[in-house]
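We did not get these values from a lab; they are worked out from the coordinates using the rules stated. Remember, it's a predicted structure, so these values are computed and weren't measured experimentally. Cβ placement follows ideal geometry from the backbone for every residue including glycine, while neighbour counts extend to all protein chains displayed.
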Amino acid sequence: MDKKQIGNIFAPTRRSFLAGAGAAGAAALVAGCSSSAPINTGGTGPSPSYPALDITDNDILNFALNLEYLEAEVYLRASTGTGVSAADAGSSSAGSVNGGAQVNFSGNTVLQEFFYEIAQDELNHIRAIRATITGNGGSPIDRPTIDLTAGFTGIATAAGLPASFNPFGDPNSIAVAAFSLIDVGLAAYTGAAPLLTSNTILNAAAGIQAAEGYHSGAIRSYIAGMAAASANSTYLNYANMIATFRATLDDQKDTSLSTTSVVFADSNALGWAHTTSETLHLVYGAGGGAGLAKGGFFPNGLNGSIYATTA
């Protein structure tokens, strides 16, 4: 399939909303998707308008699959030192992966076990999405080329973290690195779900989104809890510096951390929803409006039909 520049694709159709969520749930989700409030304050703004777009459920699933490849590579390499296997990466033309290393958890068995679990979860998400696309008559994308070193260095530099920050250097640093990505996939599922036309696929996507929500809550709670228990806010501050930077790329749809507030949601307690353009800006690590098609974690861009920003 030829690549198409498709950007803001979470605009709901009436049919997909009524079939997938029900009228009441649709109204609540619209309120969350249209929020344009600044970081950590929530609120709602005027509803944006969206162009009519010709995309399929498989296009949306392949967009999500790119993000799952990225997350799986981070967690697998941090917990085991080895990334996604060739069998799970797709065909022989799957992209290479640069960076990442096994973290020395130094007796932090709680975080170590969580990283093992989330690594397996993300790998299972890859397998589930690939199987769903195949079962829906489509072709799952191969893993795109991924550069963990460039991606994390770009985020850390733009956010103002110390030059010495090594995302795979110790348990607390990998937690901050995970924080920088973990909400991106979660908000992308929320944003794209209303366009899915198949209830079966929507249910599967909702199940993956729920797992991503647990991952986000655990990482955010760990960072906040660590700061509270140690009376050392260094890594909490790092996370908030990253959240502030992310907010410049996702229309201020982000939530900072404190020792008393960890939930990634707006002032109405609705989880943030990112358009595909917002998601692409986050993983490419740059703003600049329409036409951004590569950078950051994806030096050659995403695979599939949805790969370039339109806003």
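Region 135-188 and region 259-280 have their alpha-carbon centroids 17 Å apart. Between N232 and A206, what is the FRET efficiency for a Förster distance of 41 Å, r being their Cβ-Cβ separation, to the nearest 0.05? After rounding to 0.05, the efficiency reads 0.65.
For region 14-284, the fraction of C-alpha pairs more than 35 angstrom apart is 14%.
Taken over the Cα atoms of region 146-254, the convex hull encloses 112 Å³ per residue. Full extension of the chain between T109 and S164 yields a length gain of 17.3 nm, computed as 0.36 nm times the residue separation minus the alpha carbon distance. A simple spin-label model places pseudo-atoms 7 Å from Cα toward Cβ; at A86 and T244 they are separated by 4.6 nm. You can think of it this way: the chain between S93 and Q120 has 7.4 nm of extra reach, that is 0.36 nm per residue less the Cα-Cα gap.
Sort 235-243, 81-89 by the packing proxy (mean of other Cβ within 10 Å over each peptide's residues), most packed first. Don't jump to the answer; show the numbers that get you there.
Details: 235-243: 21.4, 81-89: 15.0.
Descending mean neighbour count gives 235-243, 81-89.
In this rough spin-label picture, where each label sits 7 Å from Cα along the Cβ direction, the T197-A101 distance is 4.9 nm. Between R127 and A293, the FRET efficiency from the beta-carbon distance, with R0 = 41 Å, is close to 0.90.
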